[in-house]
Structure formats: structure tokens, C-alpha cells
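The values are calculated or read from the model by the stated rules, or taken from the named source; none is laboratory data. All values reported here derive from a predicted model rather than from experimental measurement. With ligands, DNA and RNA removed, areas are computed over all heavy atoms of the protein, side chains included. Shrake-Rupley method; radii C 1.70, N 1.55, O 1.52, S 1.80 Å.
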Amino acid sequence: MDTIGLKERLSNEFAEGVNIVVKAGYPDILGNDYTLTLDPKLKTTLGYCVCHRKPNTRTKCEIKINQNYYSKVSKDIRMNTIVHEICHSVAYCAGDHHGPKWKAVAASASKFLALPITRTASQNAEKYQEVKQALSVGEAKYQIECKECHWGRVYYKASKMITAKKNGEDINARFLCPICKKKNWKILEYGKEI
């Protein structure tokens, strides 16, 4: 599909996504001004939303979607990403990123979608396989895991956390687990602890 066709598809699916979030109980998004972009420069990020809120003016929200990914995945997964980003524009979620307020909005909107909205694609096995194939990112190089609650995250390249461990720094003093708030990490490289 050419770029014009993709932009038209994005516009139509965005309108569907707005209706889903409104049905989920958040009609305030109808007062926002949105800019939608298919961004060919995004590599492993599926999309992002930045909102500029000022008193007594309409909120301006910029949503960018990874063009490479968007052109290769199913509608269910595209809608999941679009609605995920729209959830960030709900006024209730201002400044919450992926915190409890955003999760509540995402859970409400998920009721109207084929796949539940998650913070990252890797938290949904069905979605993750299709996304990974579409992005051609290959296998992960590193994985971190909390020794307390076993929450984990996949990294495709060295992060500050990974390089801190390689340089002999104590990473446990720098990073909190987002789930249990402990600082007790296990870091794996290619399936082996480092």
C-alpha cells in the first residue's frame, strides 16, 4: 500500500479509536486537537503521543506511529496501538505515562478491542510475535528480571542498565522495579546471566 493509502487508513482507524475511547467513558478527548503522522524514522517504537496542555486552550496532541510496522500488521494490532496512544491524551492521564490512571483508561478501552492494551507489545505474546516479525528486530540481546517479583523487560541493545552491569557498577542502587519497587535485578545476555 502506498503512503497516501496508509495515511487514509490511519485517519479512518484513528476515528474508530477515538470512538472506542469515548465509548469507554472518556469524551474529553473530543476537545483535543490531534496531529497524526506515520513516521518512517521510528525503528522499534510502535508509536508515541505527546500532549501540550495549557489553561483555557484546546490540548494539542501529536501522535506518531511507526510507518514500517503499521504497513505490515493486522488491523487488530494497529487498532491496539492507536487506542493505546489515544489513551495517553485523556486529560485524566496527564503526566501519568503508563501509571495507574493510564492503565485504568486502557483497561476500559480494551473491552472494545480484540486484544488487551498493554504497556509494551512484549507483554502480549500474540501481539509480540507479529510485531517482532513486522519490525524485523531479530532476537533480543539482553533481558532483565526482578529477582523479587520476576517482572522482566527485553532489550535489543545495551541500555544504561546493561552497560552499568558490564562496567562493574552496582545497578541495584540505580533502578527500581516498576512492580514491586525493589532493587534486586538479574541480567541475562543471550540467555546467560552476566
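Brief remarks on what is shown
- Trp185 long-range amide H proximity, modeled H, under 5 Å: Lys147
- Alpha-carbon spread of the stretch 16-103, three principal axes, descending order, Å: 39, 25, 23
- In terms of its alpha-carbon gyration tensor, the stretch 18-59 comes out oblate; a/c meets the 1.5 threshold, while b/c is at least as large as a/b.
- For the stretch 1-74, the fraction of 1.4 Å probe accessible surface lying on carbon and sulfur atoms is 52 percent.
- Per residue, the accessible area of the stretch 1-51 comes to 57 Å², computed with a 1.4 Å probe over protein heavy atoms only.
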